[in-house]
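Participant: Could you have a look at this structure, given as structure tokens, before my questions?
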Amino acid sequence: MRQRYLIALGSNKRHHRHGRPPQVLRAALQALSDAGLHIEGASPVLASAPLGPSLRRYANGAVLVACDLAPDALLGLLKTIEQDFGRRSGGQRWSSRVLDLDLVLWSGGAWSSPGLTVPHAAFRTRDFVLAPAQAIAPLWRDPLSGLSLRQLKARLTRPRPIPR
């Protein structure tokens, strides 16, 4: 059965063949397509500050794909592509990486299995995920909050009053 997914892409480390992080993301889109995923839309590449100990800025993006895979099978494919780009498991959390692929949303709603929770637990609080995601799927609704990506992005980035 055909499923749709929103995948967040990130890179802040040069790849020996693909080049700088923005080119890594373009190569990752090609790798997703070569793996049999139908690319329905891809966001522009945006720059963002890193989380955690990394000092390098990230190139971030999002892609809408369609495929017949269940969420856990797609996660396995994403991990294989990350490894093909040089990512090693067991590294320091939030460290520099050539490629990070996160399964953010699934057309089937919520999903939970060992090692995977969809929607992604932290996506609502991360502008570097919401900005590219809402650029390609502004009306896609978070199955837990019921809010669209556009609404989540607006809530995250709206000015807040300064406490007195």
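Participant: Just check region 47-87 against the gyration tensor rule for me: Cα atoms, a ≥ b ≥ c as the square roots of the eigenvalues, rounded for a/c under 1.5, and otherwise prolate or oblate depending on whether a/b exceeds b/c.
Facilitator: Values: a/c = 2.86, a/b = 1.88, b/c = 1.52.
Because a/c hits 1.5 or more and a/b exceeds b/c, region 47-87 counts as prolate.
Participant: I would also like to ask the following. Considering only protein heavy atoms and a 1.4 Å probe, what is the carbon-and-sulfur percentage of the accessible area of region 1-147? Numbers along the way, then the final one.
Facilitator: Numbers: 3900 of 7360 Å².
Ligands and nucleic acids excluded, carbon and sulfur give 53 percent.
Participant: Let me ask something else about it. Taking 0.36 nm per residue of sequence separation and subtracting the Cα-Cα distance, how much length would be gained by fully extending the chain between residue 1 and residue 162, in nm to one decimal? Show your work: numbers first, answer last.
Facilitator: Working: separation 161, 0.36 × 161 = 57.96 nm, distance 4.91 nm.
Between residue 1 and residue 162, full extension yields 53.0 nm more.
Participant: Taking only Cα atoms of region 1-71, what ratio of Rg to Rh do you get with Rh as the Kirkwood inverse-distance radius?
Facilitator: Details: Rg = 13.2 Å, Rh = 12.9 Å.
That ratio is 1.02, to two decimals.
Participant: Taking θ = phi - 60°, what integer Hz values does the Karplus form 6.51 cos²θ - 1.76 cosθ + 1.60 yield along region 130-135, in sequence order, with x for Gly and Pro?
Facilitator: After applying 6.51 cos²θ - 1.76 cosθ + 1.60, I find 5, 4, x, 5, 6, 5 Hz.
Participant: In nm, give the distance between the simple-model label positions of residue 117 and residue 47, each being 7 Å from the Cα along the Cα-to-Cβ direction.
Facilitator: About 3.3 nm, to one decimal.
Participant: Counting only other residues whose beta carbon sits under 9 Å from that of residue 134, what net charge do I get with K and R as +1, D and E as -1?
Facilitator: Details: positive: 150, 153; negative: none.
That sum, taken over residues with Cβ under 9 Å, equals +2.
Participant: Give me the dipole magnitude in Debye, nearest 20, for the chain about the Cα centre, with unit charges on the beta carbon: positive for Lys and Arg, negative for Asp and Glu.
Facilitator: Details: 23 positive and 10 negative charges, 172 e Å.
Roughly 820 debye, rounded to the nearest 20.
Participant: For the chain, what is Rg from Cα atoms divided by 2.2 N^0.38 Å, rounded to two decimals? All intermediate terms of the calculation are to be shown ahead of the outcome.
Facilitator: On the way: Rg = 15.5 Å, N = 164, 2.2 N^0.38 = 15.3 Å.
Rounded to two decimals, the normalised Rg is 1.02.
Participant: Rank 39, 60, 108 by how far each Cα sits towards the positive end of the charge dipole of the chain (+1 on Lys, Arg Cβ; -1 on Asp, Glu Cβ) and give me just the farthest.
Facilitator: Checked the options; the winner is 60.
Participant: Here's another thing I want to ask about it. Per the helix-only calculation at 222 nm, which mean residue ellipticity applies to the chain, given -39500 (n - 2.57) for every DSSP H run of n ≥ 4 and division by its residues, nearest 500 deg cm²/dmol?
Facilitator: -9000 deg cm²/dmol, from helical runs alone.
Participant: Accessible area per residue for region 74-164 in Å², computed with a 1.4 Å probe and the full protein assembly in place, what is it? Walk me through the numbers before you get to the answer.
Facilitator: Numbers: 5230 Å² over 91 residues.
For region 74-164, the solvent-accessible area averages 57 Å² per residue.
Participant: Quote to one decimal, in nm, the extra length available between residue 40 and residue 72 on full extension: 0.36 nm per residue of separation minus the C-alpha distance between them. Display every interim value, and only then the final one.
Facilitator: On the way: separation 32, 0.36 × 32 = 11.52 nm, distance 2.03 nm.
Extra length from residue 40 to residue 72 when fully extended: 9.5 nm.
Participant: What number comes out for the charge environment of residue 149, summing +1 per Lys or Arg and -1 per Asp or Glu over other residues with Cβ under 13 Å away? Walk me through the numbers before you get to the answer.
Facilitator: Working: positive: 124, 126, 141, 150, 153, 155; negative: 127, 142.
After counting each charged neighbour, the total is +4.
Participant: A further question on this structure: Order the following by accessible area, largest value first: 96, 107, 148. Probe radius 1.4 Å; ligands, DNA and RNA are ignored. Don't skip to the answer; put the middle values down first.
Facilitator: Numbers: 96 40, 107 65, 148 5 Å².
My answer, sorted largest first, is 107, 96, 148.
Participant: On alpha-carbon atoms, Rg over Rh for region 107-156 using Kirkwood Rh? Spell out each step's value before the answer.
Facilitator: Numbers: Rg = 10.7 Å, Rh = 11.1 Å.
That ratio is 0.96, to two decimals.
The values are calculated or read from the model by the stated rules, or taken from the named source; none is laboratory data. Fair warning: this is a prediction, and the values are worked out from it, not measured in the lab. All Cβ positions, glycine included, derive from the backbone under ideal geometry; neighbour counts span all protein chains shown. Accessible surface is based on the protein model in full, side chains and every heavy atom, while ligands, DNA and RNA are left aside. Shrake-Rupley method; radii C 1.70, N 1.55, O 1.52, S 1.80 Å.
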